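Notes for the one structure printed next.
Please treat every number below as a calculation from the coordinates, not as lab data. Note that this is a predicted model, so its numbers are computed, not measured. FYI the Cβ positions are ideal-geometry reconstructions off the backbone, even for glycines, and counts take in every protein chain you see.
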Amino acid sequence: MLACVDVDYRAVGAVAACVLFESWTTGESAGEIVERINEARPYEPGAFYKRELPCILAVLDNVRQPVRGIVVDGYVWLGDTQTPGLGARLYESLQQRVPVIGVAKTRFGQGEAASAVYRGRSRQPLFVTAAGMPVEDAARDITRMHGRFRIPTLLKRADQLCRNA
C-alpha cells in the first residue's frame, strides 16, 4: 500500500488525513483516514516539522496495512541532502523502514536535492525529494501518479480531506 498524507491547521488543533492507494497509476483510494488533533504545536520558524510531524504520525498510526511508500506535501530535504525537512524527519521516525517522497510546489533555496517534475500541461514544476529511495525513482513515481493536472489526484484528495473535515 502507498499513502499520501497532509495536515490542515485550525484555530484550535489540526486535522491530518491519509489517502491509501495500491499503485502509482491508480486514481482511486483504497482507504481514507482522517484524524482530528486537539492540540497542535505552534509554528516555529525553521522547524516546521515540529508542528507537522506529530500530526502525520497520529494519522499513520491508524493505518492497518503495511505501507511501502509515503508522499508528503513538502520537502524531504531542504536544499541539499544534509539538511532534513519534514519528509526526512518522518523517514527517521519510521526507523528508515518506509521510503518518503516529498512533493513541494515551490523551490526551496537552490534545491540541489530536488528533481523538477512537470505534470499535465502545467508550466510550473513540482519539486520532488526523497529518503529511502533514489530521487530519480521518486520523480518517476510522482510523474506516473494519476491525474491530468499539476497536483496528483490522490495528493489533492488528502488536502481536501483535511480542509473539509
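Grouping the Cα pair distances of the chain into 5 Å bins from zero gives a pair-distance distribution of 2, 10, 19, 23, 22, 15, 7, 1 percent in increasing distance order. Per-residue ellipticity at 222 nm, computed for the chain from helices alone with -39500 (n - 2.57) per DSSP H run of at least four residues, works out to -7500 deg cm²/dmol. When the Gaussian network model of the chain links Cα atoms closer than 10 Å, the mean-square fluctuations of Ala11, Ala139, Ala130 top out at Ala11. Extending 7 Å from the Cα toward the beta-carbon at both Ser93 and Thr26 defines two label points whose distance is 2.5 nm. For the pair Ala165 and Arg144, label points projected 7 Å from Cα toward Cβ lie 2.9 nm apart. Between Gln82, Gln96, Gln124, the residue with the greatest mean-square fluctuation in the GNM of the chain (Cα pairs under 10 Å linked by springs) is Gln82.
For Glu136 and Arg41, compute 0.36 nm times the residue count separating them, minus their Cα-Cα distance, and round to one decimal in nm.
Details: separation 95, 0.36 × 95 = 34.20 nm, distance 3.35 nm.
Residue separation times 0.36 nm, minus the Cα-Cα distance, leaves 30.8 nm.
Remark: relative contact order (the chain) = 24 percent; criterion is Cα-Cα distance under 8 angstrom and separation of 6 or more residues.
Computed over the chain with a Gaussian network model linking Cα atoms closer than 10 Å, the most mobile of Val128, Val19, Val63 is Val63.
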